[in-house]
Amino acid sequence: MMLKELVKKISFFKDSEYFQSGLLRSIKTETKLLEERTIVNNFLSLLIDSKFDYDFILSILFSELYMNICQHSESEQSFYYFSKCNSENSIEIIFFDTGVGIPNKIRAYYKNKTFESDSECIEFALQNDVTTKSFIQNYGRGLDNVKSCISSYCGEFQIFSGNGKFSFDGTKYIKRSLSKKINGTMVFIKINLNNLTIKQDNDYSNELTF
């Protein structure tokens, strides 16, 4: 399995059974987003208590990264993977594509800028209003939305592309160079379920007048 081999290559997971209990699916087209969101929601509903609000995982993290791959990666093969880490009570998410990669895309689109490393390209791509493809809706907000969402829930992420790695460990952002090049892009996200909030049930009955 391509994704499993890449994860083994980067070596930041805990055990060889990591892929035996999660949800692994291919990413197809933009038109499949709602269908895939339903599948992910059904999977998460088995792992997370219904009293907790985890909609941001679907509406922001999943949707933004799914669409980002469809619109930007130029990849023939791409996947997403969801799993629960019981020992840390967290949800772990992986998005992986074999496309052009963030550094190549950024350098090709922003020819007037100089980037010293691939990790610097990744950092630049995470800024608000940075895009390599113009859409009226949500212009340049994809990766910035993901970064802001993860930060607000005290989560963690790692982005690998080309020879670059850009990560957030819950407190600070870190740029590093990789000794082994990644052909494409892989995003790893960890959300601690202890940081989820309780769903708010608003009762408007007392405000109704006839």
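Beta bridges per DSSP, both residues in the stretch 24-194: antiparallel share near 100 percent. One chain, two ends: L33 and E88. Fully extended at 0.36 nm per residue, the span grows by 16.9 nm beyond their Cα-Cα distance.
Its convex hull of Cα atoms gives the stretch 24-194 a direction-averaged projected area, equal to a quarter of the hull surface, of 10.0 nm².
Remark: the Y173-D49 segment gains 41.6 nm on full extension, using 0.36 nm per residue and subtracting the alpha carbon distance. Over all other residues within a Cβ to Cβ distance under 13 Å of G164, the charged ones net out to +3, with Lys and Arg as +1 and Asp and Glu as -1. Averaging Cα coordinates gives a centre for the stretch 69-98 and one for the stretch 156-198; these two points are 12 Å apart.
Compared with the alpha-carbon gap, the fully stretched path from F19 to Q127 is longer by 35.7 nm at 0.36 nm per residue.
Extending 7 Å from the Cα toward the beta-carbon at both Q200 and Y109 defines two label points whose distance is 3.4 nm.
No value in this document is a laboratory result; all are computed from the given coordinates. No experiment lies behind these values; they were computed from the predicted model shown. Using ideal geometry, Cβ is built from the backbone for each residue, glycine included, and neighbour counts are taken over all protein chains shown.
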